[in-house]
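Let me begin by presenting the structure, written as C-alpha cells, before commenting on it.
The values are calculated or read from the model by the stated rules, or taken from the named source; none is laboratory data. Note that the structure is predicted; figures quoted are calculated from it, not measured. Because the Cβ atoms are built from the backbone with ideal geometry, glycine has one as well, and the counts that use them run over all protein chains shown.
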C-alpha cells in the first residue's frame, strides 16, 4: 500500500472523474513524482499501539497524583511540602494508613523511612490535621490509591508486552539507551515510531524533517520570514524534547557543553530544539548504521559511565532481556554530533 501526500498530488482544475484520476495517479507513481508517506508494517503498528497506550496511562497516573495532592491540601495535610515523591514508599505507607482510619500523627510519622530528610517532628506537624479528618476525605483518598495501584499494574503489563514485542531488537534498544537523556523506555518508544533500523529514511536529514525537529524554511523572494519547525510526528517530538531537557542536565556530556555554549545567544527553548535536532540525527546514525554511542565529554569519569551502564542493565533485565556486561576492548565509534 502506498499513501501519497496530498500536496504532491494536485490534479487539474475542474470536474473530477474517478477513472482519469486513477490513471493519473498510477502514471505519477510510476514516474516517482509522488511524495509517499511513511506507512509502518503491522508489527511496528502494534508496537506503536502499545507505547501510545502506555503513554496515556502514564498521563492518567500523573493526573491522579495531582488530584491526590490537591485532596490533601484541601484537607490541610501538608505532606507534599516535606516529601519529594508523594507516591514514594514512605509517603504511600502514610497515605494508606491515613485512608484506613489512622488518627495519630506520630504513628503516621513513624511509617516514614529513616533516610527521609524530614524529621518526625516536621512530619507530625504536617499530618496534624488527621486527628479530626472527615471520613469522606479518607474514602476519597482510599479510592484514589486503589485507582493508582490499578494504573501501575496496567503500566507494568504493557511494559512486559512491549519488551516481548521488541525482544528481537534488543541490541537496538540497548544501543539507544546509551545516549544521554534517553533510557530504556525512550528507546523502546523511538523504535516503535521509526523502526529498529530507521530504514525508511535514507538520511538523518530526512528523519529530522519527518519528525519536525529541524528549522523551518519559510522563504519568499530571498527573505526568510520564519524558522519555525514544521509539523511532524508528535510522539517523536515529545520524546526528543524530553530527552534533550534531560541530556543538558547530564554533567560533563557533549550536550551540556553545547547547551551552555548556545543558550546565551538563542535562549532556552531554541537551544533545546537544537539539542533535539542533534539527538535526532544521532538516533538515525545509531539505528541505521548499527554503531554504539561513546561519550567523550571532558568531565565524564569512568565511575559515572559504570553507574549509567549498571542502571541501564538493571532496567533491561527487569523487562526480561538477557544482557551481558559490555566489553571495554571494543570502542564505540558513534559520538554526539
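General remarks:
- Long-range neighbours under 6 Å by Cβ, at least six apart or interchain, first residue free of Cβ contacts under 8 Å to residues at least 40 places away in the same chain within the stretch 228-247, second part of a helix (DSSP H, G or I): 232/210; 232/211; 241/276
- So residue 276, is it closer than 28 Å to residue 52 by Cβ, within 20 Å of the chain's Cα centre (by Cα), surrounded by fewer than 19 Cβ atoms within 10 Å (Cβ to Cβ) and modelled with pLDDT of 85 or more: no
- Helices (runs of 4 or more DSSP H) fully within the stretch 135-201 counting 2 or more residues that are closer than 30 Å to residue 68 by Cα: 135-165, 184-194
- Any hit, the stretch 301-323, residues being in a helix (DSSP H, G or I) and at pLDDT 80 or above: no
- Only one entry of 65, 5, 44, 56 meets the criterion of being touching a strand residue (DSSP E or B) at 6+ places or on another chain (Cβ under 8 Å) and closer than 25 Å to residue 238 by Cβ, and that entry is 5.
- Among the criteria (1) assigned to a helix (DSSP H, G or I); (2) surrounded by fewer than 15 Cβ atoms within 10 Å (Cβ to Cβ), the one residue 84 does not fulfil is (1).
For every residue, the table says whether it meets (1) surrounded by 11 or more Cβ atoms within 10 Å (Cβ to Cβ); (2) touching a residue at least 60 places away in the same chain (Cβ under 8 Å); (3) farther than 30 Å from residue 127 by Cβ.
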position	(1), (2), (3)
33	yes, no, yes
36	yes, no, yes
39	yes, no, yes
64	yes, yes, no
79	yes, no, no
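- Set side by side, the residues 13, 48, 28 differ, and just one is over 28 Å from residue 126 (Cα atoms), part of a helix (DSSP H, G or I) and free of Cβ contacts under 8 Å to residues at least 40 places away in the same chain, which is 28.
For every residue, the table says whether it meets (1) modelled with pLDDT of 90 or more; (2) more than 30 Å from residue 202 (Cβ to Cβ).
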{"position": "26", "(1), (2)": "no, no"}
{"position": "35", "(1), (2)": "no, no"}
{"position": "56", "(1), (2)": "yes, yes"}
{"position": "62", "(1), (2)": "yes, yes"}
{"position": "68", "(1), (2)": "yes, yes"}
{"position": "80", "(1), (2)": "no, yes"}
{"position": "88", "(1), (2)": "no, yes"}
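- When 176, 148, 182, 162 are checked against the criterion of being under 18 Å from residue 49 (Cα atoms) and either surrounded by 19 or more Cβ atoms within 10 Å (Cβ to Cβ) or touching a residue at least 24 places away in the same chain (Cβ under 8 Å) (or both), a single residue qualifies: 162.
- Test for residue 285: is it in contact with a strand residue (DSSP E or B) (Cβ under 7 Å, 6 or more places away or on another chain), modelled with pLDDT of 90 or more and surrounded by 15 or more Cβ atoms within 10 Å (Cβ to Cβ): yes
- Boolean, residue 71 is closer than 22 Å to residue 159 by Cα, surrounded by fewer than 17 Cβ atoms within 10 Å (Cβ to Cβ) and touching a residue at least 40 places away in the same chain (Cβ under 8 Å): no
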